[in-house]
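Only one structure is covered here, and it is reproduced in the block below.
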Amino acid sequence: MTLSYDPAARLYASACASCHYNGRQLTPLRPDLALNSAVNLDDPTNLIRVILYGVSAQDGAPGVVMPGFAHGFTNADVARVCAYLRATRTGKPAWADLESKVATIRAQGQGQ
């Protein structure tokens, strides 16, 4: 028996799935990422910014907050999660050069 190891799936499971488990019943406090515009857009900038900097109580829908992972994730980690979500939650083509895009957005900082 061979066990497969998908680093993107493992990262998603450990950091994201506790809130974004996407079960059969939708709940506004645990959004289904397949329905999220950031995952479906042609440009990954919004998704990258949300993963890096989170969603504050002031910015999100009432009761919805998300921590940022800028201090815990490398650029490769953020790119990996973005690519994983794009591949598993949409039928759209992969985004190109994600790690470079993450580095650029991180360098711009949260206020941009």
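The values are calculated or read from the model by the stated rules, or taken from the named source; none is laboratory data. Just so it is clear, the model here is predicted, and its values are computed rather than measured. Cβ atoms come from the backbone with ideal geometry, glycine included; neighbour counts cover every protein chain shown.
Just a few scattered comments:
- Among the residues making up segment 88-103, those that are farther than 14 Å from N46 by Cβ, assigned to a helix (DSSP H, G or I) and at pLDDT 95 or above are E99, S100, A103.
- In segment 64-88, the qualifying residues are those that are without any contact (Cβ under 8 Å) to a residue 60 or more places away in the chain and touching a Leu at 6+ places or on another chain (Cβ under 7 Å), and the one that is farthest from L11 (Cα to Cα) is V64.
To keep it simple, each residue is scored yes or no on (1) of a type in the set (G, A, S); (2) over 18 Å from C16 (Cβ atoms).
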{"residue": "Q58", "(1), (2)": "no, yes"}
{"residue": "A79", "(1), (2)": "yes, no"}
{"residue": "R89", "(1), (2)": "no, no"}
{"residue": "K92", "(1), (2)": "no, yes"}
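- Complete set of residues in segment 72-102 that are more than 15 Å from the chain's Cα centre (by Cα) and closer than 12 Å to L52 by Cα: none
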